[in-house]
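Asker: If you scroll down you'll find the structure; I have some questions about it.
The values are calculated or read from the model by the stated rules, or taken from the named source; none is laboratory data. Predicted model, so just to flag it, every value in this text is computed and none were measured. Note that each Cβ is placed from the backbone with ideal geometry, even for glycine, and that neighbours are counted across all protein chains shown.
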Ligand code: C5P
């Protein structure tokens, strides 16, 4: 084995990211939007492994691997190259099990890039210094995915603060299996609001005890990107309607820039029943019951 290569391979989870609420609070001179969002993670997600190797490579498997296979410059490889240049690391054989739909508002690409940074820091025994800044250069959601715990996200994504403790509620995630690129949604929102129409930040400090209390906290908050996303992709509206009508649903909302939507239930068993109820009524959607990951 070459010097600098560690013997063992490492595995990192890349969980789906959910914006429990997302307020657009302003816009910078460079066009990027200032956000206030409560970000949390689902138990379901992608998985990234890194093994010692002389060169950098990425192998893909899993149900959504084909959607990424044609991409010449995958965000995982970009993250790996950027960290290698900074940490003077060797190579690594990366493999990604792609369980999450792509371009779908649940941070799949960002979570994968964050998992690659974490895995390579472990593999190369590299210091984590400057990693958050490096993460931001890869995408606005990468810093919060690197942090990996429920957080308030501010700025354009770089300002991460701890969220109150959240309950381990049941979730159903649904994607209509249509990709929706983030820049288009922000641009559509700017057009719809004539460059203005900003919300106030809406952070809360109480720790909701259960799904009912969490839904009550979130009910007065929104995802400000929902109207723009639905204008671009009307197929999101029936997804939200199906979630809202499912038995036991406490709250249904879109995540990020869409098109994935989520609903909150009392626990995983209720979410399983709701998912089965939706599966019986709709075909052609990706429907995943899971749980909110809490510390
Ligand atoms: O950083 P990321 O690649 O996720 O962002 C994709 C695009 O979404 C940006 O190029 C920008 O057009 C838009 N965006 C934004 N404000 C943010 C995050 C993203 O306007 N806070």
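Asker: Looking at this structure, is residue 182 within 14 Å of the ligand (Cβ to nearest atom), farther than 30 Å from residue 90 by Cα and under 19 Å from the mean Cα position of the chain (by Cα)?
Answerer: Yes; evaluated as a whole, the condition is true for this residue.
Results for (1) at pLDDT 95 or above; (2) over 14 Å from the mean Cα position of the chain (by Cα); (3) assigned to a helix (DSSP H, G or I), shown as yes or no for each residue.
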| residue | (1), (2), (3) |
| --- | --- |
| 256 | yes, no, no |
| 270 | yes, yes, yes |
| 278 | yes, yes, yes |
| 287 | yes, yes, no |
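Asker: Just one of 177, 146, 171 is farther than 15 Å from residue 256 by Cβ and outside any helix (DSSP H, G or I); which is it?
Answerer: Values: 146 fails: outside any helix (DSSP H, G or I); 171 fails: farther than 15 Å from residue 256 by Cβ.
Answer to the check: 177.
Asker: Name the residues in the stretch 85-120 that are outside any loop (DSSP other than H, G, I, E, B) and without any contact (Cβ under 8 Å) to a residue 40 or more places away in the chain, would you?
Answerer: 85, 91, 109, 113, 117
Asker: Give 136, 173, 146, 123 a once-over and let me know the one that is touching a residue at least 24 places away in the same chain (Cβ under 8 Å) and either surrounded by fewer than 21 Cβ atoms within 10 Å (Cβ to Cβ) or within 16 Å of the ligand (Cβ to nearest atom) (or both). Lay out the reasoning, then the answer.
Answerer: Values: 136 fails: touching a residue at least 24 places away in the same chain (Cβ under 8 Å); 173 fails: either surrounded by fewer than 21 Cβ atoms within 10 Å (Cβ to Cβ) or within 16 Å of the ligand (Cβ to nearest atom) (or both); 123 fails: either surrounded by fewer than 21 Cβ atoms within 10 Å (Cβ to Cβ) or within 16 Å of the ligand (Cβ to nearest atom) (or both).
Of the residues listed, the single one that is touching a residue at least 24 places away in the same chain (Cβ under 8 Å) and either surrounded by fewer than 21 Cβ atoms within 10 Å (Cβ to Cβ) or within 16 Å of the ligand (Cβ to nearest atom) (or both) is 146.
Asker: A follow-up question, please. Going by the structure shown, is residue 166 within 16 Å of the ligand (Cβ to nearest atom), touching a helix residue (DSSP H, G or I) at 6+ places or on another chain (Cβ under 7 Å) and either modelled with pLDDT of 95 or more or part of a helix (DSSP H, G or I) (or both)? Lay out the reasoning, then the answer.
Answerer: Details: within 16 Å of the ligand (Cβ to nearest atom): no; touching a helix residue (DSSP H, G or I) at 6+ places or on another chain (Cβ under 7 Å): yes; either modelled with pLDDT of 95 or more or part of a helix (DSSP H, G or I) (or both): yes.
In short, no.
Asker: Listed residues 111, 116; which is more than 11 Å from the ligand (Cβ to nearest atom) and over 23 Å from residue 23 (Cβ atoms)?
Answerer: 116
Asker: Name the pairs: first residue in the stretch 20-35 and touching a residue at least 24 places away in the same chain (Cβ under 8 Å) and farther than 27 Å from residue 293 by Cβ, second residue part of a strand (DSSP E or B) and near the ligand (Cβ under 10 Å from one of its atoms), Cβ to Cβ under 9 Å, at least 6 apart or on different chains?
Answerer: 26/33; 26/34; 26/35; 27/33; 27/34; 28/34
Asker: In the stretch 185-203, which residue that is free of Cβ contacts under 8 Å to residues at least 60 places away in the same chain and within 22 Å of the chain's Cα centre (by Cα) is surrounded by the most Cβ atoms within 10 Å (Cβ to Cβ)?
Answerer: Top of the filtered list is 188.
Asker: Here is a further query. Can you tell me which residue in the stretch 7-53 is nearest to residue 64 (Cα to Cα), limited to those that are assigned to a loop (DSSP other than H, G, I, E, B) and within 10 Å of the ligand (Cβ to nearest atom)? Don't jump to the end; show me each part of the working.
Answerer: Kept after step one, since they are assigned to a loop (DSSP other than H, G, I, E, B), are these residues of the stretch 7-53: 7-9, 28-32.
Retained after the next criterion (residues that are within 10 Å of the ligand (Cβ to nearest atom)): 28, 30-32.
Numbers: 28: 34, 30: 33, 31: 31, 32: 29 Å.
This residue is 32.
This table checks each residue for (1) in contact with a strand residue (DSSP E or B) (Cβ under 8 Å, 6 or more places away or on another chain); (2) crowded, with 18+ Cβ neighbours inside 10 Å; (3) closer than 23 Å to residue 157 by Cα; (4) without any contact (Cβ under 8 Å) to a residue 24 or more places away in the chain.
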residue	(1), (2), (3), (4)
215	yes, yes, no, no
220	no, no, yes, yes
226	yes, yes, yes, no
231	no, no, no, no
237	no, no, no, yes
